[in-house]
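Report on the following structure.
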Amino acid sequence: MDKKGGLSTLMGQELGQLVYAVENSCGGIQVREDDSFRWIHFGTGSVQTAMDIQNPNYMILEYMRRMLAFLPFRQNKMGRVLILGLGGGAMVRFIHDRWPESRIDAIDIDQDMIEIATEYFGIPSSKNVKIRNADALVYVEQSIDYKVDTLFVDLFIGDEPPADIYSESFVQSCYDALDPSGVMLFNILAVKADKFTGFVTLLRKVFDRQTLCLTVPFHDNILIMAFKNPVHIPINSSLARNGRDMQDKLLLPFDEYINDILYSNRNNHMLAGIGALVNES
């Protein structure tokens, strides 16, 4: 959910050509496009997802790109993927394009959104990609019968996250769904300081303090990486090398992401002894 700044200001609800619209209890969904981009609005006009028409497999929203910042800290492993909150399918397209061997399950409660993602945003047709119309909270708590390496939580109903995602039972279910070396990437909006602080405390409790935060410049999004088990954080040279490897493969500025993680978590015990990478060659 791209709340403010960046592409949100360039993709207004009255801009571009309206190519599809559907009404629902959350204020409706609009699909709009111009010569370069196609995007989705929910309710009040926030950009839910966007796609470069000429390069549909590239993620153009910064918060989604930054959800991949965990890779250098986990030896660039993706593995089996569960995505809670399909949206327009940008994460599905990107991962399938870069890791075609990865099995991806994406869950969305909104059948309209699944149809929009399929019709207007090109969900890949592959035996390794499964899209399920289900309540993500119920699915992860009751239905999942496999373990995942990478779990993305990006859940919104209209412009707001469902309240139950902040519950201990949901966080514990996400923890239980992970493989022992798994990681969860959680996108939240830090608009209420007390709620954000309480949720971070809960995550650190369930994940035994194996968490890192990453801000998104000019946005309210905070991304939280939660590792199921203690991870060996590479020394600076290895971390920088992992980032460069991913930078070449994904064309994303991992050196910037790593430095932002190190700065934002400079008092975190996980990163003790690790300094900024700006002087690494």
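Out of the range 183-195, which residues are surrounded by fewer than 21 Cβ atoms within 10 Å (Cβ to Cβ) and either of a type in the set (S, T, N, Q) or within 21 Å of GLN48 (Cα to Cα) (or both)? Answer for the range 183-195, where residues must be surrounded by fewer than 21 Cβ atoms within 10 Å (Cβ to Cβ) and either of a type in the set (S, T, N, Q) or within 21 Å of GLN48 (Cα to Cα) (or both): LEU189, ALA190, VAL191, LYS192. Taking the numbered list (1) modelled with pLDDT under 90; (2) surrounded by 12 or more Cβ atoms within 10 Å (Cβ to Cβ); (3) under 30 Å from ASN55 (Cα atoms) in turn, ASP248 passes all entries but (2). Taking (1) closer than 23 Å to ASP105 by Cβ; (2) free of Cβ contacts under 8 Å to residues at least 12 places away in the same chain in turn, ASP194 satisfies each apart from (1). Selection of the range 234-245 for residues being open to solvent by less than 20 Å² (accessible area, probe 1.4 Å) and touching a Phe, Trp or Tyr at 6+ places or on another chain (Cβ under 8 Å) yields PRO234, LEU239, GLY243. Among the residues of the range 179-207, just one is aromatic (Phe, Trp, Tyr) and more than 24 Å from GLY87 (Cβ to Cβ), namely PHE207. Filtering ALA117, ALA106 for residues that are at pLDDT 95 or above, surrounded by 23 or more Cβ atoms within 10 Å (Cβ to Cβ) and within 21 Å of GLN30 (Cβ to Cβ) leaves a single hit, ALA117. Just name the residue that is nearest to PHE156 (Cα to Cα) out of those in the range 120-142 that are surrounded by fewer than 22 Cβ atoms within 10 Å (Cβ to Cβ) and of a type in the set (Phe, Trp, Tyr). Here the residue is TYR139.
The single condition among (1) in contact with a strand residue (DSSP E or B) (Cβ under 8 Å, 6 or more places away or on another chain); (2) within 20 Å of ILE83 (Cα to Cα); (3) part of a helix (DSSP H, G or I) that ASP176 does not satisfy is (1). Whenever a residue of the range 143-167 is at positive phi and open to solvent by less than 30 Å² (accessible area, probe 1.4 Å), its partners that are of a type in the set (A, V, I, L, M, F, W, C) and in a strand (DSSP E or B), lying with C-beta atoms within less than 7 angstrom and at least six residues away or across chains, give the pairs GLY158/PHE42. In the range 6-64, of all residues being within 18 Å of the chain's Cα centre (by Cα) and of a type in the set (Gly, Ala, Ser), the one that is modelled with the lowest pLDDT corresponds to GLY6.
Residues in the range 251-274 that are of a type in the set (A, V, I, L, M), surrounded by 12 or more Cβ atoms within 10 Å (Cβ to Cβ) and assigned to a loop (DSSP other than H, G, I, E, B): LEU252, ILE274. Restricting attention to the range 120-178, the residues that are under 14 Å from ILE188 (Cβ atoms), touching a helix residue (DSSP H, G or I) at 6+ places or on another chain (Cβ under 9 Å) and of a type in the set (Gly, Ala, Ser) total 1. Just one of the listed residues (PHE227, PHE207) is in contact with a helix residue (DSSP H, G or I) (Cβ under 8 Å, 6 or more places away or on another chain), buried (at least 19 other Cβ atoms within 10 Å of the Cβ) and closer than 18 Å to LEU68 by Cβ, and it is PHE227.
Taken over the range 177-211, the criterion of being at pLDDT 95 or above, of a type outside the set (A, V, I, L, M, F, W, C) and closer than 28 Å to VAL47 by Cβ is satisfied by THR211 alone. Can you pull out the residues in the range 188-202 that are in a helix (DSSP H, G or I) and more than 19 Å from the chain's Cα centre (by Cα)? Across the range 188-202, the qualifying residues are ALA193, ASP194, LYS195, THR197, GLY198, THR201, LEU202.
The values are calculated or read from the model by the stated rules, or taken from the named source; none is laboratory data. On a predicted model such as this, the values are computed, not experimentally measured, just so you know. No Cβ is skipped: glycine too gets one built from the backbone with ideal geometry, and neighbour counts run over all protein chains shown. Accessible surface is based on the protein model in full, side chains and every heavy atom, while ligands, DNA and RNA are left aside. Shrake-Rupley method; radii C 1.70, N 1.55, O 1.52, S 1.80 Å.
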